[in-house]
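Peer 1: Shown below is the structure under consideration.
Please treat every number below as a calculation from the coordinates, not as lab data. Note that the coordinates shown come from a computational prediction; the quantities given were computed from them, not determined experimentally. Positions of Cβ are backbone-derived with ideal geometry, glycine not excepted, and every protein chain shown enters the neighbour counts.
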Amino acid sequence: MRTSDRVLNNVLRGRSPSSAHPPRLRTATPPMEVVILAAGMGTRLGRDHPKPLTPLNDGQSILQRQLDGLRSVLGNDVPITVVVGFRCEMIMQAAPDLTFVYNPDFATTNTCKSLLRGLRSSRDGGVLWLNGDVVFDPAVVDLALPLVHADQSFVCVDTNTVADEEVKYTLDPDGYVAELSKTVVGGLGEAVGINYVSAADKATLIDNLDACDVTDYFERGMETAIERQGLRFRPLDISQFAAVEVDFETDLHRANTLLPGTRGHVSDLAEVAEVG
C-alpha cells in the first residue's frame, strides 16, 4: 500500500505530516480497547520474523511505533491485545506488557479468523483494531477520537489513492460504507487497516466473522454484516495524514519516509516515489 504523493512531498520538503496537527494526549472513553492483528507469516515481505517486528529506520519496530502512537493519544493505560501466531514468542518477548491471544491456525487462516479471536477475547465495549503491519501517523488516531467517544463504528480510509490490489470501498446513499473489498469496482479510496467496531455492533460482527471462509480477510465479515444486518460503518477520511500498510519492500521504504530520522534522505525518497 502507498501513501499519498502529498504526504511524500511534505516529507521531501522536510516537514512532518503531522507537524500542524500534533496528537493530544487524552484518555479513551471506557470501556474500549485495542486489538492488533499480528498472527500472519508476512511471506510477501520475506522476513524470518513476524512482520510487526520489522525494524524501521529510527530503530523501532513497526509494533513499537504502533504502541507508542496509540498510547500517545489514548493514554498509557489503554488495554491492548495482540493476536499472535507465526513465531509468537518473538512478539511476546518484544512487548511482554501486552495481552496476547493465540491463533493456532495462522498458517491456514486469514485475518477474519484472527480478528474473530481478538473480538471474542475482548471485554465489554468497543474495539479499535488494526493490522500489525500498518505504520501510521498518531494524528490518525487523534482524528478518530470523536467517533470513538461516540461509539460509532468506522473504517479509516485514504481517498488520495485507489490501487487495484488494495481494499477499496463505496458508500450507500446515507454516506456509510456499502462495499469493502479488493474487488470493488469504482472505489472511492482505500481502507488503510485501522477500524473501530462499537459495543452495540460487536456481537453482530463476531457472528459474521465466524461465518466467513477461513481464507477471507476480515473485511468480508464487515461486508456481510452490512448486507445482512444493516451494520453501519462510517468512513473516516485520514488522507491528510500518512498510513502505510507494509506488504512489500517498497512499502517499507515508504513507511520510513514518515520517520524524522529519514527526512534528509531525499535521493532515497525520490527513488521510492518513482517506483510507486
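Peer 1: If you check 120, 87, which single one turns out to be of a type in the set (Lys, Arg) and touching a strand residue (DSSP E or B) at 6+ places or on another chain (Cβ under 9 Å)?
Peer 2: Being of a type in the set (Lys, Arg) and touching a strand residue (DSSP E or B) at 6+ places or on another chain (Cβ under 9 Å) holds for just one of 120, 87, which is 120.
Peer 1: May I ask you to list the residues in region 62-83 that are buried (at least 20 other Cβ atoms within 10 Å of the Cβ) and either over 14 Å from residue 34 (Cα atoms) or of a type in the set (Lys, Arg) (or both)?
Peer 2: Result: 62, 65.
Peer 1: Out of region 162-181, which residues are crowded, with 16+ Cβ neighbours inside 10 Å, closer than 17 Å to residue 134 by Cβ and of a type outside the set (Val, Ile, Thr)?
Peer 2: 166, 168, 169, 180
Peer 1: Is there a residue in region 126-133 that is under 18 Å from the mean Cα position of the chain (by Cα), surrounded by 23 or more Cβ atoms within 10 Å (Cβ to Cβ) and outside any strand (DSSP E or B)?
Peer 2: yes
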